[in-house]
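Enquirer: What follows is a structure written as structure tokens; I'll ask about it next.
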Amino acid sequence: MKELKYDELLNIETEGNQRGYNKSFHYHRYEPTPYQALEKLFAEYELTSSDHIVDFGCGKGRLNFFIHYLFGASVTGVEMNEVLYEEAIENKANYLIKAKNKGEIQFQCCLAEKYEINPLDNRFYFFNPFTIPIFWKIINNILVSVEKYKREVDVILYYPSEDYIYYLENNTLFELIKDIQLPGLYENNANERFLIYRLAY
């Protein structure tokens, strides 16, 4: 299904990339994950309605609405850009007019590293939204939360940076469980894939 068709189906507007630049070089510009990529991801990696997904750098909320629509899972979008956050809130209002699933959808406007990990949060999504020092802090926040509240935790990377991969594989107990390559794209660009890491105890 084409990008706009999904937006129409979900009654949202998530097209377009961010104009201008963020005030901090640590945060990258918003670009939504293509729906075609999300279709491939969720054909090979299933969520359940009891999962709680956090999307760091959620922008206008595309991933959040797509997951809620498919799985009825609870989703939280974390976005530091106030304009994008307001667009996500507007999308939520429009989406809920048609939505039938029960999972909760929420958005928080804050720096990603300031987001307080909820004891129920168990799936964390990153589309390369910021530099490695911010990623370190968030992974540490996740690990501290898991120490307090034991649970299965996955980190999902799209278009993964070498720094993210190196850090997870050499400095944490996360282990790669899936490498989902996007056909027709991966052959020309090795970043066109999802890597899913699960915390090993």
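Enquirer: Working only within segment 117-134, note down all residues that are at pLDDT 95 or above and among the hydroxyl-bearing types (Ser, Thr, Tyr).
Expert: Tyr125
Enquirer: Taking Ile165 and the conditions (1) crowded, with 20+ Cβ neighbours inside 10 Å; (2) not in a loop (DSSP other than H, G, I, E, B), which numbered condition does it fall short on, given that it satisfies the others?
Expert: Single failed check for Ile165: (1).
Enquirer: Quick one: would you say Asn128 is over 23 Å from Pro34 (Cα atoms) and open to solvent by 20 Å² or more (accessible area, probe 1.4 Å)?
Expert: It is false that Asn128 is over 23 Å from Pro34 (Cα atoms) and open to solvent by 20 Å² or more (accessible area, probe 1.4 Å).
Enquirer: Collect the residues in segment 37-51 that are within 29 Å of Asn189 (Cα to Cα) and either of a type in the set (Gly, Ala, Ser) or part of a helix (DSSP H, G or I) (or both), keeping them in residue-number order.
Expert: Scanning segment 37-51 gives Ala37, Leu38, Glu39, Lys40, Leu41, Phe42, Ala43, Glu44.
Enquirer: While we're looking at this one, here's another question. Take Phe135 and tell me if it is touching a Ser or Thr at 6+ places or on another chain (Cβ under 9 Å), part of a helix (DSSP H, G or I), under 29 Å from Glu15 (Cβ atoms) and of a type outside the set (D, E, K, R).
Expert: Taking the combined requirement at face value, the residue satisfies it.
Enquirer: What is the one condition in (1) within 21 Å of Asp51 (Cα to Cα); (2) under 18 Å from the mean Cα position of the chain (by Cα) that Glu192 does not satisfy?
Expert: (1)
Enquirer: Next question. So, in segment 36-68, of the ones that are buried (at least 19 other Cβ atoms within 10 Å of the Cβ) and among the aromatic types (Phe, Trp, Tyr), which residue ends up nearest to Ala99 (Cα to Cα)?
Expert: Phe65
Enquirer: Here's a check for you: in segment 113-125, which residue that is of a type outside the set (D, E, K, R) and in contact (Cβ under 8 Å) with a residue 60 or more places away in the chain is surrounded by the most Cβ atoms within 10 Å (Cβ to Cβ)?
Expert: So, considering only residues that are of a type outside the set (D, E, K, R) and in contact (Cβ under 8 Å) with a residue 60 or more places away in the chain, the one surrounded by the most Cβ atoms within 10 Å (Cβ to Cβ) is Tyr125.
Enquirer: Hey, any hits in segment 120-132 for a residue that's in contact with an Asp or Glu (Cβ under 9 Å, 6 or more places away or on another chain) and of a type in the set (Val, Ile, Thr)?
Expert: yes
Enquirer: Kindly indicate whether Asn101 is in contact with a Lys or Arg (Cβ under 6 Å, 6 or more places away or on another chain) and at negative phi.
Expert: For Asn101, the condition - in contact with a Lys or Arg (Cβ under 6 Å, 6 or more places away or on another chain) and at negative phi - is not met.
Enquirer: Among (1) modelled with pLDDT of 95 or more; (2) within 15 Å of the chain's Cα centre (by Cα); (3) open to solvent by less than 20 Å² (accessible area, probe 1.4 Å), which single condition is Val146 missing?
Expert: Every listed condition holds for Val146 apart from (2).
Enquirer: Here's another thing I want to ask about it. What are the residues in segment 81-105 that are open to solvent by 60 Å² or more (accessible area, probe 1.4 Å) and outside any helix (DSSP H, G or I), if any?
Expert: Lys100, Asn101, Lys102, Glu104
Enquirer: How many of the residues making up segment 52-79 are part of a loop (DSSP other than H, G, I, E, B) and touching a helix residue (DSSP H, G or I) at 6+ places or on another chain (Cβ under 7 Å)?
Expert: Qualifying residue count for the region: 6.
The values are calculated or read from the model by the stated rules, or taken from the named source; none is laboratory data. In this text the structure is predicted, and so the values were computed from the model without any measurement. Every residue, glycine among them, receives a Cβ derived from its backbone with ideal geometry; neighbour counts consider all protein chains shown. Only protein heavy atoms, including side chains, enter the accessible area calculation; ligands, DNA and RNA are left aside. Shrake-Rupley method; radii C 1.70, N 1.55, O 1.52, S 1.80 Å.
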